[in-house]
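Throughout, read-outs are computed from the coordinates displayed, never taken from laboratory work. Just so you know, these numbers come straight off a predicted model, no measurement behind them. All Cβ positions, glycine included, derive from the backbone under ideal geometry; neighbour counts span all protein chains shown.
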Amino acid sequence: MTVQIDRLPPERETTLLATYSGAVASTRLRTLAVFVAVGALYLLAGWMAEVRPLTFLDNIQNFTAYITQILPPLTWANLPADLAAWYWGLPKWLALLAETILMAYLGTLFGGLAAFVLCFLASANLVRSATLRFCARRFLEVCRTVPEVVFALIFVIAFGLGPMVGVLALAIHTTGALGKLFSEVVENIDMKPVEGLTGTGAGLIETVRFAVVPQVLSNFASYALLRFEINVRGAGVMGFVGAGGIGQEFLVAIRNFYYADVSAILLLIILTVVTIDLATERLRHHLLGREAHA
């Protein structure tokens, strides 16, 4: 059986083709305009930031020369002795690395506890007072807007050098970052258990304890582990401003041109961060997977 397809009248076909071609041309023109605008902004940003590609190319050999200088002189024939000489300060560096991890852990713990309390006050579905929500949200914004290094510099002036400065700086920034994430999780919960408890006369604390926390606990733990990864890297930088840890020893090696020590400490930091990242990633996936199968 043959099906005959009727053609449009030539005038109608010409009109539709012209309309389609015009729409396609308009879309291409808008796309081109967007690319041109993005490219112009990119060039403007590079000019204002004083990005000089030619200067980079002219001085790239200085970077490669420095990398060559910090590499240790290892030989297969004398590898154990060369490694021992390269990591001559391993006991001291491991102690400082443990101090750095402890700073990150305490900063995450204290900041996470503060964020846990404040996130409920910043959630629109739990707190009806607009003033209380506004104050809680603005406080969290202040905590996460100021970089940890700035807080550390302020605390160094106030409390002197030491790991406590790094813990305080990390805790404050963690409070703001986790408080924001936690409040978003709370605002996306199922409200039926909350409404049921509220209808029986339960207060905010009872409602949070029995209706909210069971729904958000695994997500909270996942975000806290992710923040711990970030804080481990941040704690290493804290030493650059006198907040203790492996970062301070790393800065001393750079300033005194102890090239072998620079590469040894840098490799130690990289291995530690990668190990912690892999471990916390497995824990986070386990928590999220367990929640998905619950």
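How high is the relative contact order of segment 87-292, given as a whole-number percent (alpha carbon pairs under 8 Å, six or more residues apart)? RCO, segment 87-292: 28 percent.
Dipole magnitude for segment 87-292: computed about the Cα centre from +1 point charges on Lys and Arg Cβ and -1 point charges on Asp and Glu Cβ, it is near 260 debye. Distance between the 7 Å Cα→Cβ label points at Glu141 and Lys192: 3.6 nm. Computed from the Cβ-Cβ distance with R0 of 51 Å, the FRET efficiency linking Ala158 to Leu74 stands at 0.70. Residues in segment 199-236, backbone N under 19 Å from the label point at Tyr105 (7 Å along the Cα-to-beta-carbon vector): list them, ranges by number please. Of the residues in segment 199-236, 221-236 have backbone N under 19 Å from the label point off Tyr105. In the chain, taking the dipole from charged Cβ atoms about the Cα centre, the farthest positive-side position among Leu43, Leu283, Ala33 is held by Ala33. This model, with +1 at the C-beta of Lys and Arg and -1 at the C-beta of Asp and Glu, gives segment 1-150 a dipole about its Cα centre of some 640 debye.
The modelled label-to-label distance for the pair Asp277/Thr15, using points 7 Å beyond Cα in the direction of Cβ, is 6.1 nm.
Taking chymotrypsin sites (Phe, Trp or Tyr not before Pro) in DSSP loop states with no more than 13 other Cβ atoms inside 10 Å as exposed sites, the chain has its longest site-free stretch at 89-256. Secondary-structure-derived ellipticity at 222 nm for the chain, considering helices only, amounts to -27000 deg cm²/dmol, per-run term -39500 (n - 2.57) for DSSP H runs with n ≥ 4. Of the GluC sites (Glu not before Pro) found in segment 1-105, those in coil by DSSP whose Cβ has at most 13 other Cβ atoms within 10 Å are Glu50.
For segment 1-103, the list of trypsin sites (Lys or Arg not before Pro) that fall in a loop by DSSP and count at most 14 other C-beta atoms within 10 angstrom reads Arg7. With both labels modelled 7 Å from their Cα along Cα-to-Cβ, the Ala95 to Ala65 distance reads 3.7 nm.
Of the residues Gly111, Pro73, Leu96, the one whose Cα sits farthest towards the positive end of the charge dipole of segment 23-159 is Gly111 (charges of +1 on Lys and Arg Cβ, -1 on Asp and Glu Cβ, taken about the Cα centre).
Need one word for the chain: rounded, prolate or oblate. Basis is the Cα gyration tensor (sqrt eigenvalues a ≥ b ≥ c); a/c below 1.5 gives rounded, then a/b vs b/c decides. Note, shape of the chain comes out oblate.
A convex hull fitted to the Cα coordinates of segment 135-229 yields 116 cubic angstrom per residue.
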